[in-house]
Amino acid sequence: MLGLPKATELSKPLSKKAIFDKFKPSLTDRKLFDDQISRLSIVAEISPQTVAIKASADVSAVYVVLVTLKTAECDQKNITLLSKLIDQRMLFVLQFGDTTRLAVYRAEKVLVSESKPLGGWKLSLIGLDLEAIWENVIAQIGGIDLTGGADLDATIAENNRQEKLHKQIAALEKKAMTERQPRRKWELAEKIRRLKIELGGTSNE
């Protein structure tokens, strides 16, 4: 799976009931989880026992978890919940029908890849130890460029900041288009101008 070495493959079902019983999520979280997720299974383990790579101080193994979905979309709250409840490095394969997306939780953010057929994924295990491999896998899923020694968490945080600013600008521009009062229209234009400057644009955009 995912182009990983055959030695990493395993099949270990994860019981939803066991997860609920052990970690006791709220009823709201449990319902969302139950409504969207059919079953879970650990399908691969990347560790010194399965590949020729050493562990790091913080990462001893990376687990690939196949998440079979009931719905085309998987709310990011479900990925966050699993990542916070289970203290392991986990790469989620979200499968609905013949398509899959990869997801990880890092730096308070869920990163989700594009959709591909399950056989279309070929992850590269790049790095001198498991921590480096884990960070490079996250970068591959999130489309993050780590060349030049870029810090992964800082890059995710900055991308998240820019994404929020783009959404704010788009919402204000939509509101400005329908605003009829000149004063209010000017106020909206000023807000947009300031946000664009914060985003890295120019004041006359």
Lysines whose Cα lies under 25 Å from that of LYS16, excluding same-chain neighbours fewer than 8 positions away: LYS24, LYS31, LYS70, LYS77, LYS84, LYS109
Distance between the range 48-69 and the range 165-185 - C-alpha centres, whole angstrom: 47
Chain lengthening between LEU199 and GLN49 when straightened (0.36 nm per residue, less Cα-Cα): 49.5 nm
The chain - share of DSSP beta bridges that are antiparallel (%, nearest 5): 75
Per-residue Cβ neighbour rank within 10 angstrom, fewest leading, SER15, SER113: SER15, SER113
Per-residue [θ]222 nm for the chain (sum of -39500 (n - 2.57) over DSSP H runs n ≥ 4, rounded to 500): -13500 deg cm²/dmol
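Multiplying the sequence separation of GLU173 and ALA150 by 0.36 nm and subtracting their Cα-Cα distance, what value in nm do you get? Write down the numbers at each step before the final one.
Values: separation 23, 0.36 × 23 = 8.28 nm, distance 3.26 nm.
So the chain would gain 5.0 nm between GLU173 and ALA150.
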Kirkwood Rh in Å, taken over the chain so that all alpha-carbon pairs contribute: 19.4
Ranking of TRP121, TRP186, TRP134 by count of other Cβ atoms within 10 Å, fewest first: TRP186, TRP121, TRP134
Listed residues ASP145, ASP98, ASP129, most fluctuating in the chain (Gaussian network, C-alpha, under 10 Å): ASP98
Label point distance in nm, GLU190-ILE126, each placed 7 Å from Cα along Cα→Cβ: 4.7
Gain in span if fully extended, GLN181 to ASN159, counting 0.36 nm per residue against the direct Cα distance: 4.5 nm
Efficiency of FRET between ALA7 and THR68 - r from beta-carbon atoms, R0 25 angstrom, step 0.05: 0.55
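A short reminder: the numbers here are calculations on the coordinates, not readings from a lab. Please read all numbers here as calculations on a predicted model, not as lab measurements. A quick note on method: Cβ atoms are made from the backbone with ideal geometry, for glycine too, and the neighbour counts reach across all protein chains shown.
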